[in-house]
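The values are calculated or read from the model by the stated rules, or taken from the named source; none is laboratory data. Source: prediction; values computed, not measured. Glycine gets a Cβ as well: all are built from the backbone with ideal geometry, and neighbour counts include every protein chain shown.
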Amino acid sequence: MKNKKIGFIIFALVGILFSSFPTRVNAEELGIEHRVKSYLIGSFEDGEILNEYNSDEAMNMASVSKLMTYLVVKDSIEEGKISLEDKVTIDENIEAVEGSSFELKKGEEVSVNDLLKGLMVVSGNDAAYALGVHTATTEEKFADLMNQKAKELGLKNAKFVNASGLQSEKGQNTLTTKEIFELARHIIKKYPEILDYSKIEVLNMPERNYTGYSTIPLVGEVAGVDGLKTGFTEEAGYCLVSTIDARKTPQRGEFRLITVVMGTSSMQERKDITKYLIDYALENYSIRTIIDDKAPYTEIEINSAENKNIEIFPAKSYKTLASKSNKYVLKSNIDKEIKPPLKKGDKVGELSLLKEDKLVTKVDLIVNRDVEKAGTFSRILRAIQKFFTSLGNLLR
């Protein structure tokens, strides 16, 4: 059994396709690093990070913390511990919470559903506090739930002290930018309805005599932006987590992006940097088929098969958000002893996809048709032919 030239050609073409373009732009070359503490832009679908800066340093999250507050509350609803219809009685402690406000008043009874709107649309610190107390009886116990949830998600740098993200005597809520990205991915996957809050420009509640305005920027201003959360304290600076449905952009990409911008100097700055990252991704990245299950990977020779030249295929395709400069390499490990008969779909090897020497995924190599065993006469004849071919090679 031996690999034919087609295997080498495909392998070479993959290398050429993804390595003959200019080297990927490094984060240091984007020219915005001096304007932020950290940034990241990545793919929602597979978590691929397209560009990043200082994304592994724990950051003060400010109101970006409310993403975790939302997740813990929604999980508690899913588990039947609380419900959207629950009425929360507002006390003086809730009313006294400082900062961005849902204007909750002592004695009011407000539903969990409305408090979630106050949390996500107007970023109410009082709404966050009220949800925390209702879910876990005290804000301290709610912070414990937040830390427990972070541990479940593998967010190793997490530290939560309250539901709102306000600076407190106990410290401040922190995550790395990369972990904020993963948190946002998880929430959008599990609770895609979080994006519905971004559709609310004005939050009107006549029964409370309340009108509030959305704090979520770029929605309706930049094509495709449909979320997600802002944050600000003096210590954290201006922060913004955004998500972009590329299908609704001029590029019509079949993917979703998530950007995280931390520690800028103003609201306008965080918007400008987010727009820059979105433009960068849309101009340089698209969905690419790296492994195609409809195209043969290579052809092998099995002397004991009725038709000895057998094409083998990847068992499944692999698509990812990639730039023209991304370097991918395919490496195969084909079984040394393949004995027919074989059924369509039988595994005969494995294909490894590497990016910058790091394993991305593995895919089985299979036959895409039944392979019958050759008859006795054919096998004897081929063995004789192989013997004389080998003998001829030795005598040259």
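Couple of notes before you dig in:
- Subset of segment 312-324 [at pLDDT 95 or above and part of a strand (DSSP E or B)]: Ile312, Phe313, Pro314, Tyr318
- Some residue of segment 176-185 being in the same structural domain as Gln268 (by TED's automatic domain parsing) and assigned to a loop (DSSP other than H, G, I, E, B): no
- Residues that are of a type outside the set (Lys, Arg) and under 19 Å from Asp144 (Cα atoms) within segment 81-93 comprise just one, Ile82.
- Contact map, segment 166-190: first residue of a type in the set (Phe, Trp, Tyr), second residue buried (at least 21 other Cβ atoms within 10 Å of the Cβ) and modelled with pLDDT of 95 or more, Cβ cut-off under 7 Å, separation 6 or more or different chains; pairs are Phe181/Leu40; Phe181/Gly42; Phe181/Ile258; Phe181/Val260.
- Cβ-Cβ under 6 Å pairs, at least 6 apart or on other chains, segment 269-284 side closer than 16 Å to Ser325 by Cβ, far side of a type outside the set (Val, Ile, Thr): Ala281/Leu50; Ala281/Leu257; Leu282/Gln251; Asn284/Ser323
- Scanning segment 341-355 for residues that are touching a Lys or Arg at 6+ places or on another chain (Cβ under 6 Å) and outside any strand (DSSP E or B), we see that the one that is nearest to Ser317 (Cα to Cα) is Lys344.
- Test for Ala223: is it within 26 Å of Lys141 (Cβ to Cβ) and either surrounded by 13 or more Cβ atoms within 10 Å (Cβ to Cβ) or among the aromatic types (Phe, Trp, Tyr) (or both): no
- Failed criterion for Lys331 (all others in (1) out of contact with any Ser or Thr (no Cβ under 9 Å at 6 or more places or on another chain); (2) part of a strand (DSSP E or B); (3) free of Cβ contacts under 8 Å to residues at least 60 places away in the same chain hold): (1)
- Matching helices (runs of 4 or more DSSP H) fully within segment 72-156 where at least 3 residues are among the charged types (D, E, K, R) and within 30 Å of Ala58 (Cα to Cα): 139-152
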